[in-house]
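Some notes on the structure that comes next.
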Protein chains: 2
Amino acid sequence: MSLKIKDIAKMANVSVATVSRVLNDSDKVSLETKNKIMKIIQKYDYKPDRIATSLRRKKTGIYAVIFSVKGGKVLEDTYSTKFLKGVLNYFSSKGLKLIVDIHENGNVAEYYSNMIKSKVVDGFILLDIRKNDERVNLLNKEKFPYVVIGRNDENNFVYIDSDNVAGAYMAIKHLKQIKCKKILYISGDMGIPVSEQRLTGVKSAQKDLGVEIDVEFGDFDEEKTVEILKSILKKGFEYDGIFCASDTMAYAAMKFLKGLNIEVPIVGYDNIPLSEFVGLSTIDQNIIKIGYSAAQTVDNMAKGKETISMVVPSKLIKRQSTLSFIQKHI
Amino acid sequence: MSLKIKDIAKMANVSVATVSRVLNDSDKVSLETKNKIMKIIQKYDYKPDRIATSLRRKKTGIYAVIFSVKGGKVLEDTYSTKFLKGVLNYFSSKGLKLIVDIHENGNVAEYYSNMIKSKVVDGFILLDIRKNDERVNLLNKEKFPYVVIGRNDENNFVYIDSDNVAGAYMAIKHLKQIKCKKILYISGDMGIPVSEQRLTGVKSAQKDLGVEIDVEFGDFDEEKTVEILKSILKKGFEYDGIFCASDTMAYAAMKFLKGLNIEVPIVGYDNIPLSEFVGLSTIDQNIIKIGYSAAQTVDNMAKGKETISMVVPSKLIKRQSTLSFIQKHI
DNA sequence: CTGAAAGCGCTTACAG
DNA sequence: CTGAAAGCGCTTACAG
């Protein structure tokens, strides 16, 4: 069927060992022999069997990203796709491959354990990291290469994270710049690292910039966000700026307040497609960059190189939800 | 390091051949021996090396979906993600794996040729099929398993396609049901199979249902769609219903007409997330089902089973953009 | 610089 | 029903 290294060797009148050396850029092949072999390889467009190579080398050049299903929703947000795009940008540019899988039910540790034993992949990129994550425990024990997207309290691993602290700080700074004096921050639930980091950024901006900020907990829930606004409205709404820990909460707030003809600058977080559509100012986490860096890092790790954790900077996207207030304040 | 079949054989006092037979559910192993071996396999949670198995069996259990970059935009629409989700639903349920890759520049046929020679995957699912597609020519020549999403004129392959004809028919039927008498159909560009199929459905509904329909070509372009409406408006707008070959065109039309205070029922195609948001009635292609069926089909093909092409039915999603007109007509 | 040989971890036809 | 052996297509330590 297709050509094997043995066929090339025969045609070139050399041993398979020599062909293999040429294939792998070994220096101990004479230029003459090398050229002779190269010519034949090119003529027949010979490509080695990667499975056979993998078996010998104990490396496949394949990595994996596993999506765990949370409430049936998997791979249906732009976060996943942008992240994948970043990961693929790296791997495809290097001729490496990525296995994408979803793991629905059953033991997560068992799933990863089987993946390791099957020897198909050289490393993992972990999403949705939790506190005391069983995957981390397993992979550390097995000394198997992986990098984590995000952080938890332990950080006994290499991670690539978004700079949530700086992102939240930027949002508050922007509201301050458009002259907001009293800001409402609607946070995500505590216990989630992302929420805690964003709150830290808000507190830090409050201290540095001297703005008044009240914090409420919307828990990334749209209804809860509206409830918070309703109960504030009962006492009279005194805020001249709102920052929400997610675009979905920000949009819920925007819609609710618009219904009551209350106009107030508002900033969200995540830069989901809807936000561009409705003109919501927000923080973009540069998810593509995060994916790219994660891929690069796990690849280096699998190849035994030194690797370090990274924090990827976010970007403020200014849109109508805040920009339209600039003139009013002047 | 990790256990090999030889280790299990030694512990069970049998040959590796026998262990292999147990692993592969061979019937020619005595129940006694089988139980003895199973116990040891379970005790040590032994899993065979899939790379070694693949080398022997000439099958890896890995399939591939390659996204080709078109204008930098890849994997950033909901089509790709829903499709992937469907594909993964099948593969993950069967313990099979999926390689996702992007191919940016360079020779497409060469990319596929190298993938085949590297022996890593058992089959492909092809997206964005074109007329006289070079991938089809290559894969047919190599007799390599693959299935195509969509159709072209040749159809010298197994495909999974959306029923665009029936989808378009349903849209017109719905407009007719809400008493539209004169409908404007804004089509995609000819030469694209999807456009031609949807136009066929429109024409067929026109004939069957006896509605008056004019066709214009918006070419899936939002600006062009608005231009069409503008030039129609000059002569006076006489339509009481609009159907567009995509949600993006439908949304552009909706926004433009609303700006002029013209209210007319409108139906789009694709059911993108924005459509739910703005209440646009549309046709949902059931992309998840398409992905699932494609995965199943290529898997069957790689295993030498009979396979057939499929047309997956679409669904009408009724929303405010048409429903709000029901009372007006009564 | 080059080759013969062992071996990566499996499966399977062959023989008994 | 079971085992010894060949072989999948490579790589690499060893010897020369």
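The values are calculated or read from the model by the stated rules, or taken from the named source; none is laboratory data. Here the structure is a predicted model, which is why all the values come from computation and not from measurement. Note: ideal-geometry Cβ built from the backbone for every residue, glycine included; neighbour counts use all protein chains shown. We work out accessible area using only protein heavy atoms, side chains counted, and drop any ligands, DNA or RNA first. Shrake-Rupley method; radii C 1.70, N 1.55, O 1.52, S 1.80 Å.
Among the numbered criteria (1) at the interface with another protein chain (Cβ under 9 Å from one of its Cβ atoms); (2) modelled with pLDDT under 95; (3) open to solvent by 20 Å² or more (accessible area, probe 1.4 Å), which one does B:Gly71 miss?
Answer for B:Gly71: the failing condition is (1).
Does segment B:265-281 hold any residues that are touching a strand residue (DSSP E or B) at 6+ places or on another chain (Cβ under 6 Å) and either assigned by TED's automatic domain parsing to the domain that holds B:Gly123 or touching a residue at least 60 places away in the same chain (Cβ under 8 Å) (or both), and which are they?
Once the filter is applied, which keeps residues that are touching a strand residue (DSSP E or B) at 6+ places or on another chain (Cβ under 6 Å) and either assigned by TED's automatic domain parsing to the domain that holds B:Gly123 or touching a residue at least 60 places away in the same chain (Cβ under 8 Å) (or both), segment B:265-281 yields B:Pro265, B:Val267, B:Tyr269, B:Ser281.
Quick one: which residue in A:Ser195, A:Ser204 is crowded, with 18+ Cβ neighbours inside 10 Å and on the phi < 0 side of the Ramachandran plot?
None of the other options fit; the residue is A:Ser195.
Does A:Lys43 meet the test of being surrounded by fewer than 21 Cβ atoms within 10 Å (Cβ to Cβ), more than 16 Å from DNA strand C (Cβ to nearest atom) and basic (Lys, Arg)?
Yes: the conditions hold for A:Lys43.
Does B:Ala252 satisfy the condition of being within 14 Å of chain A (Cβ to nearest Cβ), buried (at least 18 other Cβ atoms within 10 Å of the Cβ), farther than 30 Å from B:Val120 by Cβ and not aromatic (Phe, Trp, Tyr)?
yes
For segment A:34-64: of the residues being part of a strand (DSSP E or B) and facing chain B (nearest Cβ under 9 Å), which is farthest from A:Ile102 (Cα to Cα)?
Here the answer is A:Ile62.
What helices (runs of 4 or more DSSP H), lying completely within segment A:106-178, carry at least 2 residues that are within 16 Å of the chain's Cα centre (by Cα)?
A:164-177
Here is a list: B:Gly304, B:Gly236. Which entry is surrounded by fewer than 14 Cβ atoms within 10 Å (Cβ to Cβ), free of Cβ contacts under 8 Å to residues at least 24 places away in the same chain, outside the structural domain of B:Lys119 (by TED's automatic domain parsing) and outside any helix (DSSP H, G or I)? Let's see the steps before the verdict.
Details: B:Gly304 fails: outside the structural domain of B:Lys119 (by TED's automatic domain parsing).
From the options B:Gly304, B:Gly236, the qualifying one is B:Gly236.
I'm checking my understanding of the structure. Among residues of segment B:148-176 that are of a type outside the set (Gly, Ala, Ser) and modelled with pLDDT under 95, which one is surrounded by the most Cβ atoms within 10 Å (Cβ to Cβ)?
Once the filter is applied, the top-ranked residue is B:Arg151.
So if I check each of A:Ala12, A:Ala52, which one is at pLDDT 95 or above, more than 20 Å from B:Asn89 (Cβ to Cβ) and within 16 Å of DNA strand C (Cβ to nearest atom)?
The unique qualifying residue is A:Ala52.
Pairs, please: C-beta under 8 Å, at least 6 apart or cross-chain, first residue open to solvent by less than 40 Å² (accessible area, probe 1.4 Å) and in segment B:9-33, second not in a helix (DSSP H, G or I)?
Between residues of segment B:9-33 that are open to solvent by less than 40 Å² (accessible area, probe 1.4 Å) and residues that are not in a helix (DSSP H, G or I), the close pairs are B:Ala9/B:Ser15; B:Thr18/B:Val29; B:Val22/B:Val29; B:Thr33/B:Val14.
Which of (1) more than 7 Å from chain B (Cβ to nearest Cβ); (2) out of contact with any Ser or Thr (no Cβ under 8 Å at 6 or more places or on another chain); (3) of a type in the set (A, V, I, L, M, F, W, C) does A:Val108 not meet, given it meets every other one?
(2)
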